[in-house]
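The structure appears below as structure tokens.
Nothing in this text is a laboratory measurement; each read-out follows from the coordinates by a stated rule. As the structure is a computational prediction, the values presented were derived from the model and not from experiment. Ideal geometry is used to build each Cβ from the backbone, glycine not excepted, and the neighbour counts take in all protein chains shown.
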2 protein chains.
Amino acid sequence: MNPTDARSRAAFSPEKMKKENLFDSPRMFVDVHGLLPGQAQKVHVHDDADKVVHCLSGEGIVTIGDAEHPIRPGEVTVFPAGLAHGVRNDGAEKLVLLVMMTRPT
Amino acid sequence: MNPTDARSRAAFSPEKMKKENLFDSPRMFVDVHGLLPGQAQKVHVHDDADKVVHCLSGEGIVTIGDAEHPIRPGEVTVFPAGLAHGVRNDGAEKLVLLVMMTRPT
């Protein structure tokens, strides 16, 4: 995939968090997720895939296992396989995330 | 991995491009690469791994197959398995890249 300004690919929906796919293969995918204030991806688990979440703009909260952490632009979080995780936009601005996840093998 | 400011983890060496590892698993790794002006990662191929390169600061040139493209902060490039690729810092500033690559299965 040629160089792409990831943040400009963000999309939003008043109904729920919006996912835009940039790249997909049998090994991994790359998405841009757009969350309006108050929106969230509920806590869930991938038993056999690692997920990397890079905050591109806005602010939010990630859940990793039993802990919560604030995220800000430029910060990278990794959710390893088997660990419960989630993210929510508790701020006043749009939250844009670059998300990469491996595929189960 | 808890939220981490990726750019602040960049390191540099006058000898060659410097790699700092942030996360490693049987499925993938996350690195920060620091390239001083004039430094490069030569064109090479991974037959069975996809690589994502996110430019965090500085400017450079990526090679994808037979094509070259400039990269700027915020731009994401994907090098799919099997495609020759490389990157070089042809600018005047330090180049910092967030690099995620899948592991061969």
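Which loop-located GluC sites (Glu not before Pro) does chain A contain, where loop means any DSSP state but H, G, I, E or B and the Cβ has at most 13 other Cβ atoms within 10 Å? Can you show the working numbers first?
Numbers: sites: A:Glu15, A:Glu20, A:Glu59, A:Glu68, A:Glu75, A:Glu93; in loops: A:Glu15, A:Glu59, A:Glu93.
Counting only loop positions with at most 13 other Cβ atoms within 10 Å, the GluC sites (Glu not before Pro) in chain A are A:Glu15, A:Glu93.
Using only Cα atoms, figure out Rg for region A:7-102 and give it as a multiple of 2.2 N^0.38 Å.
0.99
List A:Leu97, A:Leu36 from most exposed to least, where exposure is judged by having the fewest other Cβ atoms within 10 Å.
Going from sparsest to densest Cβ surroundings: A:Leu36, A:Leu97.
Note down the magnitude of the dipole of chain B about its Cα centre, charges +1 on Lys and Arg C-beta and -1 on Asp and Glu C-beta and zero elsewhere, to the nearest 20 debye.
In total the dipole reaches around 260 debye.
Taking H placed 1.01 Å from N in the peptide plane, check which residues at least 5 places from B:Gln39 or on another chain put their amide H under 5 Å from its amide H.
B:Asn89
Give a residue-ordered list of calculated ³J(HN,Hα) values for region B:86-91 (Karplus: 6.51 cos²θ - 1.76 cosθ + 1.60, θ = phi - 60°; whole Hz; x for Gly, Pro).
So the J values, rounded to whole Hz, are x, 8, 9, 9, 9, x.
Given N residues in the protein assembly as shown, what is its alpha carbon radius of gyration divided by 2.2 N^0.38 Å?
0.98
With a ≥ b ≥ c the root eigenvalues of the C-alpha gyration tensor of region A:1-59, is it rounded (a/c under 1.5), prolate (a/b larger than b/c) or oblate?
Oblate.
Taking 7 Å along the Cα-to-C-beta vector as the label spot, tell me the A:Glu15-A:Thr105 distance in nanometres, rounded to one decimal.
Rounded to a tenth, the inter-label distance reads 3.7 nm.
Quick check: Cα centre of region A:6-20 to Cα centre of region B:41-60, how many Å?
Their Cα centres are 26 Å away from one another.
Can you put A:Asp66, A:Asp48 in order, fewest other beta carbons within 10 Å first?
A:Asp66, A:Asp48
By how many nm would the segment from A:Asp24 to A:Arg72 lengthen if fully extended, with 0.36 nm per residue of separation less the alpha-carbon distance?
14.7 nm
Most exposed first by the Cβ proxy, i.e. fewest other Cβ within 10 Å, how do B:Phe79, A:Phe12 rank?
Ordered from fewest to most neighbouring Cβ atoms within 10 Å, B:Phe79, A:Phe12 come out as A:Phe12, B:Phe79.
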